[in-house]
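One structure below.
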Amino acid sequence: DTGVSQDPRHKITKRGQNVTFRCDPISEHNRLYWYRQTLGQGPEFLTYFQNEAQLEKSRLLSDRFSAERPKGSFSTLEIQRTEQGDSAMYLCASSLPWGAQNEKLFFGSGTQLSVL
Amino acid sequence: GQNIDQPTEMTATEGAIVQINCTYQTSGFNGLFWYQQHAGEAPTFLSYNVLDGLEEKGRFSSFLSRSKGYSYLLLKELQMKDSASYLCAVRDRDDKIIFGKGTRLHILP
């Protein structure tokens, strides 16, 4: 068990470019969550998956954001035509099925995005 | 809408006790988490409450009242390393986990 891993740790891009982040959850975790966090704020919910099914996407998210979890294992988050307001830490978290004994959300170290 | 409220900042003295409150209004309720987050790091799990009452874990305790939509995190014998943000989060009826904005706790020597 190596924990939740995210790649890359840091990404600097120019406004208008597309970026993609990857998250590898803990292996037996079927739930995967994406959050965005800016300085001094709590994590803001973006979307979540149960296995490969995307259950909900935040209404605050524009159509420039899309996420996939094609085989129910790793997930990708893509931002198209990035804007300066997209600069934030993007956090991924995973969990066992809720109702299992160990109910907690495990976070990765995040991807820090800077849009210039 | 979903709403989780907690104080923005608190200050306490090393060795003292501090209580961080959280109130919530969400689409259903399946449990409440408290997480600790040091600057520049990912959140780490502290506690999870599903039923009303107090859960104690060493220096940290968490309380839940579902009828009042209220929880608190109690930190005893404060240490300098407890300086961090404390995040309250609710698992709603769809298992979506919504976080509050966090409480920044400053510990003074």
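Quick note: the coordinates plus some simple rules give every number you see, no bench work behind them. Here the structure is a predicted model, which is why all the values come from computation and not from measurement. FYI the Cβ positions are ideal-geometry reconstructions off the backbone, even for glycines, and counts take in every protein chain you see.
Ordered by the number of other Cβ atoms lying within 10 Å of each residue's own Cβ, fewest first, B:TRP34, A:TRP98 fall into the sequence A:TRP98, B:TRP34.
Can you put A:LEU61, B:LEU54 in order, fewest other beta carbons within 10 Å first?
On the way: A:LEU61 17, B:LEU54 11.
Taking fewest neighbouring Cβ atoms as first place, the list is B:LEU54, A:LEU61.
Dipole magnitude for chain A: computed about the Cα centre from +1 point charges on Lys and Arg Cβ and -1 point charges on Asp and Glu Cβ, it is near 360 debye. For each pair in A:LYS57/B:LYS81; A:LYS11/B:LYS96; A:LYS11/B:LYS57; A:LYS57/B:LYS76; A:LYS57/B:LYS57; A:LYS104/B:LYS68, compute the distance between the two Cα atoms and list the pairs where it is over 32 Å. Check vs 32 Å cut-off fails for A:LYS57/B:LYS81; A:LYS11/B:LYS57; A:LYS57/B:LYS76; A:LYS57/B:LYS57. Remark on A:LEU96: its backbone amide H falls under 5 Å from those of A:LYS104, a criterion applied only to residues 5 or more positions apart or on other chains, H modelled at 1.01 Å from N. Taking the charge dipole of chain B about its Cα centre, with +1 at Lys and Arg Cβ atoms and -1 at Asp and Glu Cβ atoms, the residue from B:ILE17, B:GLY58, B:GLY102 reaching farthest to the positive side is B:GLY102. When the Cα positions of A:PRO8, A:SER114, A:PRO25 are compared along the charge dipole of chain A, A:SER114 comes out farthest toward the positive end, with charges on each C-beta of Lys, Arg, Asp and Glu.
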